[in-house]
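Only the coordinates and a few stated rules stand behind these numbers; no lab work does. This one's a predicted model, so the numbers in the text were calculated from it and none came from an experiment. Neighbour counts are summed over all protein chains in view; Cβ atoms, including those assigned to glycine, are modelled from backbone coordinates with ideal geometry.
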There are 2 protein chains.
Amino acid sequence: MNSKDPIANFFEPQSIAIFGSFREGNFGGYMMIRNLLDSGYQGKIFPVNPTFKKQVLNYQVFPSVLAITEEIDLAAIMIGAASVPEVLRQCAGQGIKSVVLVADGFAERDEKGLQLQQEIVAIAKESGMRLIGPNTAGIANIIKGFNPCPYYAGYSDFCKGGVSICSQTGMINPQAYPYWDLKYKISKICDLGNKCDVDECDMLEYLANDPDTRVISIYIESVANGRRFAEIVGRVTAKKPVLILKTGRTSEGAKASASHTGSLAVDDDIFEATCRQTGILRLDKFNELFEIPRIFASQPLPKDNRLGIFSFTGGVGVLATDEGSRHGITVGPLTTKTTFELNKIFPGLGKNPVDLGPSVAAVGDIMASYGKILMAIATDENVDMILIIPWASPNDAFSDIYLQAYQQLKESCKKPVATWVYGPLINYNRDLIQKLEEIGFPVFNELETAVKALSMMVAYANTKKQI
Amino acid sequence: MNSKDPIANFFEPQSIAIFGSFREGNFGGYMMIRNLLDSGYQGKIFPVNPTFKKQVLNYQVFPSVLAITEEIDLAAIMIGAASVPEVLRQCAGQGIKSVVLVADGFAERDEKGLQLQQEIVAIAKESGMRLIGPNTAGIANIIKGFNPCPYYAGYSDFCKGGVSICSQTGMINPQAYPYWDLKYKISKICDLGNKCDVDECDMLEYLANDPDTRVISIYIESVANGRRFAEIVGRVTAKKPVLILKTGRTSEGAKASASHTGSLAVDDDIFEATCRQTGILRLDKFNELFEIPRIFASQPLPKDNRLGIFSFTGGVGVLATDEGSRHGITVGPLTTKTTFELNKIFPGLGKNPVDLGPSVAAVGDIMASYGKILMAIATDENVDMILIIPWASPNDAFSDIYLQAYQQLKESCKKPVATWVYGPLINYNRDLIQKLEEIGFPVFNELETAVKALSMMVAYANTKKQI
């Protein structure tokens, strides 16, 4: 009988039994083992298949889990739904306490699948086993080099970081999101699938105590137990920010959700009230699930809601001010000292949003002052956080200037910074984005997302103050 | 005296006088001439500078506009604000009727600049001259190969198309947006700057009658004349869709706007009412200014609001349904015939949103049916428009299947289609996006933008029905 914490076993197993096909292919047991090996998994791997007679990637294939004599921390099951109950019973007999059910064809499929799901839940309950899934793309613990993704993702390297993402869709798993290309700094990934057992509450409790997780980002279609959820999430937000994208806002979405994971949506007004009471930061769009947590993982919280904006164009300053205002951010005047100092560099420069545009055309070497201007804004007493909008020039002329300025910012400024990069050549834009992120500053896909991320920092800082 | 239509002269001039510095550099008169030549401008170019003694790019530089004896359709002025009135008077004397004032330092700068702006408006009025600007990055007519961008953009090729973009910021000009990298199909670009004279109304009237413009996308911080605007825009939306992003929703944004272009914002509630009355499609985010008009330029309008969704993952179907419902789109059941047909391919497949995910893992060759499934959804009588969400596989395995299916869609389906692509490798994602767009289907950056674009098609189709 496995005596370790069953939830921890999902993310730090010393041994894993894998049930599925082991033919070479882009999905299934073979691919899961390859991903485990590529990600540097050091634990034991036990493939299980009653008819597969060969070795797979140099591992012996066991005809049944009952043939394995060693302790098994985690089982991953990718077999036809109808065979799952029997295999689960065998797992229970072997003392396995943690099971990822990649298999689908359960509550999300039809009435028969729903019954099958109820049957496996009963088996798990009886034996004290915890289930993730069914209908899940699974889990990963990037920090520990444990990536049992059942799909081919085209990459096996990840950047380790403080964001943990948890969802009711496989859209957060490596085969669906370009973690490596984006150098996304990730800690843990968990697709809860139909969440017949392990749910957002279990994950919140685990991630709250996980020292590698700095911020939790969640996609859910339903809340399994509203009261328990509110109680737990309130405790978690006191420790770490919790960002949630919840669908089923509309009755049509709720209906689609019932068909997707078989889940019943909660009344959205109740969920909204829970968010306000517990300090949940509510997301609106799918991409925000990935974009916004990064600022929490890398930037300090702001003292207050006053934003300093530094851009090359007035229009963008207006857009950012407008967007900020909708989210409770103010873009007020700089101190007299900073205003004076910036106006000396160029007449009218000392206004927030600070617009470098007019001076670039008028003053040949204005870019030599870029770092100085940025530091003046960043250290201004009236500024709690900074939005920077560099223009990636089409000849890469300004790149070194930006990098130097951000480096200085990193060393001497303890305020949160969000960045949006624009420019006429995509490759230069991407190059600058990557370099700024390497220094440690998150760059956002859209101007409005950058502003929203900052506003969520303000909201979370306020939640922390109230505790 | 130039007798052509002064607004048309901005976009189709046979001759242009350029006032500025002609030193080689990334901004100014030299760069404008280079961009004109690179874009294939066939008209006459007259550089004007009293002290520049050399030729510039093989063009003779005139000491004054008065020294030019030929007719001049358009003047572009990039000189210090203080010298502008005198040069404008000379232009008036030469009979020039259209002037782009790239120069800044006017109402957006300070009280003195405001007076200067009033002075040039008076000069223009007296002589019947029309001004674009000041404080503008200028104009371009991509269809005619006329790109007098004053900045170096790193590219000089464009794709010709039906979208015209008009704004109060240079963020739409080539140096700020990757038109070429995105193969963006563009017709005309116009940054109105401080819009001391030519405003959104003039542009709307011109673009409404421009056969090359199929859809008009506008960023404004203010409306110069509310009554005139409402009257004109109502007429234009009867002919072509008009999409508008307007800042100054909040009082802070309005204040920032006053400082940016010296414009006074209108009450946002009044503007919102105007949008509803006239059929303006109101945008919310900067990127939508570019993303959303593409669907109007390439797709037919939907008959009604019923969306068919085809994806690889249930979560995305739920998200899209939820988002659609917020915008008045319904995701209802397919006809019994389609449902039956799809369920034959895989049990449960015949539900809208159609989720291919479960069958991909379960059926080895399901992708061979991709085109058939897509056509079944697209031709379903209960479906007025289609949202397709292809997964760009990490080995490019499905690319040909997608391309074939979209090609078939193009040939035989007269319903609007929006696409969102996701996948684990950015380069494969981008490659697929580009190929789908080459076939003629717009692919959107975010799932929610794709849904919103479709909802705007529905809204515009309703506006047309009411006329």
TODO: Let me know the mean shielding of B:281-290 by other chains, meaning the per-residue number of their Cβ atoms within 10 Å of its Cβ.
DONE: 3
- [ ] Enumerate the amide H contacts of A:PHE62 below 5 Å, restricted to partners 5 or more residues apart or on another chain; note that Pro and chain-start residues carry no placed amide H.
- [x] A:VAL48, A:ASN49
- [ ] Could you pull out the trypsin sites (Lys or Arg not before Pro) across region B:393-454 that fall in loop regions by DSSP (anything but H, G, I, E, B) with no more than 13 other Cβ atoms inside 10 Å?
- [x] B:LYS414
TODO: Please work out the FRET efficiency for the pair A:ILE270 and B:ILE345, using the Cβ-Cβ distance as r and a Förster radius of 45 Å; give the result to the nearest 0.05.
DONE: 0.70
- [ ] For region B:75-152, just say rounded, prolate or oblate: build the C-alpha gyration tensor, square-root its eigenvalues into a ≥ b ≥ c, call rounded for a/c under 1.5, and beyond that prolate if a/b exceeds b/c, oblate if not.
- [x] oblate
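What net charge is computed for the residues neighbouring A:PRO302, neighbours being all others with C-beta under 12 Å from the C-beta of A:PRO302, Lys and Arg scored +1, Asp and Glu -1?
Working: positive: A:LYS303, A:ARG306, A:LYS414, A:LYS415, A:LYS464, A:LYS465; negative: A:ASP304, A:ASP384.
Here the charged neighbours net out to +4.
Using square roots of five times the C-alpha gyration tensor eigenvalues, list the equivalent-ellipsoid semi-axes of the protein assembly as shown in whole Å, biggest first.
Numbers: eigenvalues 588, 181, 117 Å².
With the √(5λ) rule applied to the protein assembly as shown, the semi-axes are 54, 30, 24 Å.
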Task: Under the Karplus curve 6.51 cos²θ - 1.76 cosθ + 1.60, θ = phi - 60°, whole-Hz ³J(HN,Hα) for region B:78-93, x wherever Gly or Pro sits - done: 10, 10, x, 3, 4, 8, 5, x, 4, 5, 4, 4, 5, 4, 4, x
Task: Which of B:SER187, B:TYR206, B:ALA103, positive extreme of dipole for region B:6-294 (C-beta unit charges) - done: B:SER187
- [ ] For region A:300-466, divide the Cα radius of gyration by the Kirkwood radius and give the resulting Rg/Rh value with two decimals.
- [x] 0.94
TODO: Return the long-range amide H neighbours of A:SER15 (sequence gap of 5 or more, or a different chain), with a cut-off of under 5 Å between placed amide H atoms.
DONE: A:LYS44, A:ASP73, A:LEU74
Open item on the list: Once the label point is set 7 Å along the Cα-to-beta-carbon vector, what list of distances in nm do you get between B:ARG228 and its counterparts in the other copies?
Closed with: 6.6
Task: Local net charge near B:LYS183, Cβ-Cβ under 10 Å (Lys/Arg +1, Asp/Glu -1) - done: -3
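Give me a single rounded figure for A:320-330: the average over its residues of other chain Cβ atoms within 10 Å of their Cβ. Kindly include the intermediate steps, with their values, before the conclusion.
Details: counts 4, 11, 14, 7, 4, 8, 5, 0, 0, 1, 1.
Mean partner-chain Cβ count within 10 Å for A:320-330: 5.
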Task: region B:300-466, relative contact order in percent, only Cα pairs under 8 angstrom and at least six apart counted - done: 28
Task: Environment charge of A:ALA320, counting only residues whose C-beta is closer than 12 Å and scoring Lys/Arg +1, Asp/Glu -1 - done: -3
- [ ] Partner chain Cβ atoms within 10 Å, averaged over the residues of B:170-179 - can you pull that number for me?
- [x] 5
Task: Rounded FRET efficiency, nearest 0.05, which uses the C-beta distance separating A:THR330 from A:THR51 and R0 of 45 Å - done: 0.10
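Any chance you could run the full-extension gain for A:LYS464 through A:LYS160? It's 0.36 nm times the residue separation minus the Cα-Cα distance, nm to one decimal.
Values: separation 304, 0.36 × 304 = 109.44 nm, distance 2.61 nm.
Residue separation times 0.36 nm, minus the Cα-Cα distance, leaves 106.8 nm.
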Open item on the list: Over region A:111-157, what portion of Cα pair distances is larger than 14 Å, expressed as a whole percent?
Closed with: 64
Task: Mean separation of Cα contacts under 8 Å, 6 or more apart, over the residue count of region A:81-199: relative contact order % - done: 27
TODO: Please state the charge dipole magnitude for the protein assembly as shown, taken about the Cα centre, from unit charges on C-beta atoms (+1 on K and R, -1 on D and E), reported in debye and rounded to the nearest 20.
DONE: 20
- [ ] Evaluate 2.2 N^0.38 Å with N set to the residue count of region A:118-251, then give the Cα radius of gyration divided by it.
- [x] 1.05
- [ ] Sum -39500 (n - 2.57) across every DSSP H segment of at least 4 residues in the protein assembly as shown, then divide by the residue count to get the 222 nm mean residue ellipticity, nearest 500.
- [x] -12000 deg cm²/dmol
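Using only Cα atoms, figure out Rg for region B:14-68 and give it as a multiple of 2.2 N^0.38 Å. Show your work: numbers first, answer last.
Numbers: Rg = 10.3 Å, N = 55, 2.2 N^0.38 = 10.1 Å.
So the Cα radius of gyration is 1.03 times the expected 2.2 N^0.38 Å.
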- [ ] Would you work out the charge dipole size for region A:6-294 about its Cα centre, treating the Cβ of every Lys and Arg as +1 and the Cβ of every Asp and Glu as -1, and quote it to the nearest 20 debye?
- [x] 540
Open item on the list: Taking A:GLN115 in one copy and the same position in all the others, each labelled 7 Å out along Cα→Cβ, what are the pairwise distances from the first, in nm, shortest first?
Closed with: 9.0
TODO: Send over the Kirkwood Rh of chain B, from the inverse of the averaged 1/r over different Cα pairs, rounded to one decimal Å.
DONE: 23.9
Task: Rg over Rh, two decimals, region B:220-333 (C-alpha only, Kirkwood Rh) - done: 1.05
- [ ] At q = 0.17, 0.20, 0.24 Å⁻¹, work out log10 I(q)/I(0) for region B:412-467 with the Debye formula, treating every Cα as an identical point scatterer and leaving solvent out; two decimals please.
- [x] -0.63, -0.79, -0.97
Task: Placed amide H near A:PHE146: partners under 5 Å, 5+ positions off or other chain - done: A:ASN141
Task: Paramagnetic label zone (point 7 Å from Cα along Cα-to-C-beta, B:GLN14; backbone N under 19 Å) in region B:78-112 - done: B:94-99
Task: For A:LYS54, inter-copy label distances in nm, listed shortest first [label point 7 Å out on the Cα-Cβ vector] - done: 7.1
- [ ] Be a star and scan region A:387-410 for residues whose amide nitrogen sits under 15 Å from the point 7 Å along the Cα-to-Cβ vector of A:ASP431.
- [x] A:391-403
